[in-house]
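**Student:** So that we are looking at the same thing, I have put the structure below in structure tokens.
No value in this document is a laboratory result; all are computed from the given coordinates. The model shown is predicted, which means the values in this text are computed figures rather than measured ones. Neighbour counts are summed over all protein chains in view; Cβ atoms, including those assigned to glycine, are modelled from backbone coordinates with ideal geometry.
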Amino acid sequence: MNTKTDFSPFEKGTLWNRIRKTTDAALQIGALKPIKTEGSVMADGGVDFLVRLVESLARKDAEKVLKAGRDKKNGESANPFLPYEKPMFVADVSNTHLCLLNKFNVIEHHLLIVTRKFEHQETLLTIRDFQAIWRCLAEFEGLAFYNGGKVAGASQDHKHVQLIPLPMASTGYPVPVESLMEKPQETPGVIPGLPFLHAFKRFSPMTGIPHDSVAQILHQMYRLMLQQLGMNPFSEGEKTLQSGPYNLLFTRRWMLLVPRSKEFFESISVNAIGFAGALLARNPEEMDLIEKKGGMGMLQHTAFARS
């Protein structure tokens, strides 16, 4: 890990070019290992779920990804971020965070916004976390997401927020679940059509507002959502552990927080991307499970019922 203490964040307007150059270089030397999939659309509950089936030749790599962080070495999980692989490095984001490529990516240009020093994935997100992710999200339209704990689909204990470019597919909504966000809200903070416990907030694009101010707004929104759902009160400190597992998703226009009851539906791990409307099947048997249960049924199974 780099030991210098004076970091120079990337210049505004340069991140996308850095991502493309780093991706090309990492592919050329074989350090980046994309998992090839075949995509299809399965409609359920008013959402056109993007379902990706891992191609047969890529299934061994897919198994590595899903096992990452779960294999123990000397009683501890391996940490791929301390040190990180140099070919995965995209940019310094701040003196507390850096940006890496996701080594085994299913979605092209999938980024990880990682804390430089170890912070546990189950500690609450801080203003510094939101400063870092917003600095990246301000560079291009994307979906930021966070898997709060193993039950929420986190495979690594080292705190990291993830970011993928939008749209997620060439047709349909940029994020599939946005199809439900257009309906009038009967209850404030709740998306009509989502049959599980959640908190939701739409907001105007915060263009022209200083990054630090946006980060404070987003952090406050996040903490109030946790409180609204009966989780960590806003008064608790930053280093507090979360009171339960959850997924957080946000774009430049909305934020969604979903408490989790379990990680799996049958053999299929569901993380934050699932609540965006995208699922991954490792084999045809899992594809059949998704088709029979339905995407929304799977999400409902791994979340909590709305009262």
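**Student:** Residues of the stretch 107-134 with the amide nitrogen closer than 18 Å to a label point 7 Å from the Cα of T240, along Cα-to-Cβ, please.
**Tutor:** So the set is 120-130.
**Student:** Sticking with the crude label model, points 7 Å out along Cα→Cβ, report the distance from E55 to F264 in nm, one decimal please.
**Tutor:** 2.8 nm
**Student:** With a ≥ b ≥ c the root eigenvalues of the C-alpha gyration tensor of the stretch 125-227, is it rounded (a/c under 1.5), prolate (a/b larger than b/c) or oblate?
**Tutor:** Details: a/c = 1.27, a/b = 1.20, b/c = 1.06.
Taking the square roots of the gyration eigenvalues as a ≥ b ≥ c, the stretch 125-227 is rounded.
**Student:** Once you have all Cα-Cα distances for the chain, histogram them in 10 Å bins from zero and send the whole-percent values.
**Tutor:** 6, 28, 38, 24, 5, 0
**Student:** Taking 20 Å as the cut-off for C-alpha to C-alpha distance, list the pairs among K33/K60; K117/K239; K103/K239 that go past it.
**Tutor:** Details: K33/K60 12 Å; K117/K239 14 Å; K103/K239 28 Å.
Exceeds cut-off: K103/K239.
**Student:** Would you calculate, for the chain, the mean residue ellipticity at 222 nm contributed by helices, counting each DSSP H stretch of 4 or more residues as -39,500 (n - 2.57) and dividing by all residues, to the nearest 500?
**Tutor:** Helices in the chain give a 222 nm mean residue ellipticity of -7500 deg cm²/dmol.
**Student:** Beyond 27 Å between alpha-carbons counts as too far, so tell me which of K262/K292; K12/K183; K159/K201; K159/K293 fall in that bin. List each step's numbers first, then the result.
**Tutor:** Details: K262/K292 19 Å; K12/K183 35 Å; K159/K201 24 Å; K159/K293 32 Å.
Beyond 27 Å: K12/K183; K159/K293.
**Student:** Let me ask something additional. Could you give each residue of the stretch 176-189 its phi-based ³J(HN,Hα) in whole Hz, using Karplus coefficients 6.51, -1.76, 1.60 with θ = phi - 60°, and x for Gly or Pro?
**Tutor:** Coupling constants for the stretch 176-189: x, 5, 4, 4, 8, 7, 7, 6, x, 7, 6, 10, x, x Hz.
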